[in-house]
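Here's the structure we're looking at; comments come further down.
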Amino acid sequence: MSEVETGVETPGPGEFRHVRRKHGLVGPFGGRQLLLGALVVAGVVGLLVLATRPLGTTDQAGQRDPRATPFILGAAPANGLRPGDRAPELLSAPPTRQTMDPVPLALTGILGLGAALAFVILVPSRIGFSGPPGRARWPWRLGFASAFALALVLSGATMGLGRSTVALGPAPPLTDLQGRPVQLSELRGHGVWINFWASWCPPCQAETPVLRDVFTAYQSQGLEVVGISVQESNAADVAAYVARYGLGYTVAADLSGDVFRAYKIYALPTQFFVGPDGVIRSIVYGPLTRESAVARVEQILPATAPSPGASGQPSPSASPTLSVSPSP
């Protein structure tokens, strides 16, 4: 069939003819391919949603009780305190002072300068680059080595190389809101209920009447309650909470977090029940009801009640009945 009959011009020998490539809707992909890919992605997402969706629902109508579970602050430590351990003393961090030893930084700078000079002398010549010609070569080498050594020294200083912390004295004891020291050694012979809490924590708020009522009922039998408020912005907020609800037991604000870290707290409230010998008898991570609190308190009471004022703290007066409504 000839060219006239087909209407198509065929290139002759040696002739070049440009043929335009067919482009897709987005790059090499056409509309059908994009649609198919979107459907596959949507299907996979739908299957994942169905596979991870719980069977049924845990939501219940009505007001939720925040006392059911503790307020979790982080992961449980692998080496936390256990019943049978001696309760750590309630100590704040000791006063410290930062000192700086220049010798490690000086050695770092000297070694860095030597290593950089060896590098710029040996390596460039091996790869065919020796820097500027003539006498300008050494200033270039020294400048590069000095900059490298300076960067090394600055990095070491930033990471604390040569810096050390020196304690200026023993760790001071935790103090209550009146500035009096709170020491477990002074409470030996008493059953001690240590309660870690926060004024902003709903389970702690709901548990406040339990602490106050149980302390009032068992104080004459040798019970001491130490409430340690943690993660507060200032002690004034803690004092306002105590005054508002008329709490009579010892309350301290651990603003530095030293006692919080020593006891490895990861949930609020957390309870430590310490016997008269200073040994932890039980630990509860979460709020307590009056019945469960009474059962644990009766396990740590001394056989004979200590004489009044033996703990070194004045006996607080009883306060009126407290009622705290659970937060939703």
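Where a number appears in this text, it was derived from the coordinates with a stated rule and is not lab data. Because the structure is predicted, anything quoted here is derived from the model rather than measured. FYI the Cβ positions are ideal-geometry reconstructions off the backbone, even for glycines, and counts take in every protein chain you see.
Counted over the range 174-297, the DSSP beta bridges are approximately 50% antiparallel. Ranking of Tyr285, Tyr241 by neighbouring Cβ atoms within 10 Å, starting from the fewest: Tyr285, Tyr241. Put simply, the amide H of Thr250, placed in the peptide plane, has neighbours under 5 Å in Val225, Gly227, leaving out anything fewer than 5 places away on its chain.
What is the fewest-to-most order of Trp193, Trp138 by other Cβ atoms lying within 10 Å of their Cβ? List each step's numbers first, then the result.
Numbers: Trp193 24, Trp138 14.
If I rank by nearby Cβ atoms, fewest first, I get Trp138, Trp193.
For the range 248-253, 3J(HN,Hα) computed residue by residue from phi via the Karplus equation (6.51, -1.76, 1.60; θ = phi - 60°) reads x, 7, 5, 10, 10, 10 Hz, glycine and proline entered as x.
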